[in-house]
1. Quickly run through the stretch 77-99 and pick out the residues that are hydrophobic (A, V, I, L, M, F, W, C) and farther than 25 Å from residue 109 by Cα.
2. Any idea how many residues of the stretch 79-92 are touching a strand residue (DSSP E or B) at 6+ places or on another chain (Cβ under 8 Å) and not small (Gly, Ala, Ser)?
3. Out of the residues in the stretch 58-76 that are modelled with pLDDT of 95 or more and either out of contact with any strand residue (DSSP E or B) (no Cβ under 8 Å at 6 or more places or on another chain) or open to solvent by 30 Å² or more (accessible area, probe 1.4 Å) (or both), which is nearest to residue 107 (Cα to Cα)?
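The values are calculated or read from the model by the stated rules, or taken from the named source; none is laboratory data. All values derive from a computational prediction rather than experimental measurement. So basically every Cβ, Gly included, is an ideal-geometry build from the backbone, and we count neighbours across all protein chains shown. All accessible areas refer to the heavy atoms of the entire protein, side chains included, with ligands and DNA or RNA removed. Shrake-Rupley method; radii C 1.70, N 1.55, O 1.52, S 1.80 Å.
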Amino acid sequence: MSEKELECGCGCGHNHEEHSDCGCGCGHEEEMETMFLTFDDDTEVECGVLGVFDVDGKEYIALLPITDETVLLYEYRETEDGIELDSIESDEEFNKVSEVFNSLVDAEDEE
């Protein structure tokens, strides 16, 4: 699985593994659900689930690695066998998904 990254930009400057509620308003919640990603090189990364959202009839998921401040975006599907994540291959699709994600974060910050 390859990845495209989007900087969180929360600037909280602390280890999210130790503090699950950074208080910066960037959407990191106290009881964040987590999942593990396994990449093509067999490395595993634990990620907090920031949310699942819709763009043009497709669902996408925003993940935040526990040891990083870089948001990862993937196409998201629930199947009979569980959850499937697919890389966003085109730059155009990635830019659109990033824009929607950023607007959702901005709207949450305003609340």
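1. 83, 85, 88
2. Residues meeting the conditions: 5.
3. Ranking the qualifying residues of the stretch 58-76, first place goes to 59.
Let's see how each residue does on (1) loosely packed, with under 12 Cβ neighbours inside 10 Å; (2) modelled with pLDDT of 95 or more:
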residue: 26; (1), (2): no, no
residue: 43; (1), (2): yes, no
residue: 54; (1), (2): yes, yes
residue: 92; (1), (2): yes, yes
